[in-house]
Ligand code: TXA
Ligand code: MG
């Protein structure tokens, strides 16, 4: 069942929300929009209801779920008393794309939600429909992204239908989501904010609170290094970090000290031996001694992935990157591949491929976040079998975009000198 809220009268809209909320209260699964991506919701207190989320998604059961709330009062039933920093984070970022991992009140939600951990992840989405639905259900709502496991997250109701039609009770269609990538997941280590997953709330935004911010090593260390370097570069200038620090003695810094930046840790699988050389006329051309397709990603990296083989191409010289990509796509085309390229508006007219998808302007990475998952799905719709993707700076929301792109590409990354 699809509850279309677009263009509905207020009374009708209220009726659809009540209907969907009743489904949730009865232990059924309902997909709904949030400001990040569509979630697949179920009553977090019911093990049976939560199990139907895992079943519908085909999700491994050792991956815990985020519990969504509509009011701060709901929180006290879910978690043990928390510190002042947690309080400030909620005041600052809720409702909004920040998920807090806090010590769970025993028995408050089904153990299937927390995957047996002693903590629970909680967030209050910044979306009117989501908040009304959760409130009307009268339950804390466990909700992972409403995609089949491994697929790009849904940013439109049609994406949910493509993946989950027939497997869930219904979808509340509230149009496109805003942010486009998932919430930032953080845990607190005393007065330190530790980022487990980059998302809609950026590292800079977190650092504005004045507490040290660290990033988990599970987040690709090269991305974090780039982000941290950028921020250090800026510090001392007209810096958002120092500007916002009210007390003079507050230390505001983004540290990467839990990330051991060691290139040996990073899995990089260049698809083939790569030779890129400047041609005589000053243009850059790429030649590849071995045109074999990239190796398949390991199963544990199969997240957000399009069905075709995707890889990222990165380099300081964007002309060289484009030349490499075009030469490689031409080869792929000759092998009979259906080719795709993921690019930015500024570079889009450089490419000849079966499917060219733009992520908006490189100057506006919020657009890239918004468009990313729909873009990845477009390759599947067009049947692309071989996809090259440009990268963007891992700065601000770009960190979340690059984190998802690296996963979608199964960690395959070519660096063009
Ligand atoms: O924006 C979002 O967060 C979306 C919308 C629907 O709210 N939800 C979402 O859920 O992205 P999901 O299940 O796709 O991602 C949940 C993330 C996973 O990375 C999971 O490992 C982490 O949160 N997580 C959940 N509970 C946790 C816990 N107790 N400790 C550490 N990480 C946890
Ligand atoms: Mg997900």
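Label the range 117-164 by shape, choosing from rounded, prolate and oblate, from the square roots a ≥ b ≥ c of the eigenvalues of the Cα gyration tensor; if a/c is under 1.5 it is rounded, and otherwise prolate applies when a/b is larger than b/c, oblate when it is not.
Oblate shape, in that a/c is at least 1.5 and b/c is the bigger or equal ratio.
Using the 10 angstrom Cβ neighbour count as an exposure proxy, how do 118, 183 rank, fewest first?
118, 183
Quick check: from the Cα gyration tensor, does the range 143-219 come out rounded (a/c under 1.5), prolate or oblate?
Because a/c hits 1.5 or more and a/b exceeds b/c, the range 143-219 counts as prolate.
I need two numbers for the range 2-173: Rg to one decimal and Dmax as a whole number, Cα atoms only, in Å.
For the range 2-173, the Cα radius of gyration and maximum Cα-Cα distance read 15.0, 44 Å.
So if I take the centroid of the Cα atoms in the range 372-417 and the same for the range 43-120, what is the distance between those two points in Å?
Result: 29 Å between the Cα centres.
Report, largest value first, the span of the C-alpha coordinates of the range 309-372 along each principal axis, in whole Å.
Dimensions of the range 309-372 along the principal axes of its Cα atoms: 36, 23, 19 Å.
How high is the FRET efficiency between residue 334 and residue 191 when r is their beta carbon distance and R₀ equals 51 Å, given to the nearest 0.05?
0.30
Report the normalised scattering of the range 318-417 as log10 I(q)/I(0) at q = 0.11, 0.19, 0.21, 0.22 Å⁻¹, calculated by the Debye formula with identical scatterers on the alpha carbons.
Calculated log10 I(q)/I(0) at the listed q: -0.29, -0.92, -1.14, -1.25.
Taken together, the values in this text are just the output of simple stated rules run on the coordinates, not laboratory data. Values in this document were obtained by computation on a predicted structure and should not be read as measured data. Note that we place each Cβ from the backbone using ideal geometry, even for glycine, and neighbour counts take in every protein chain shown.
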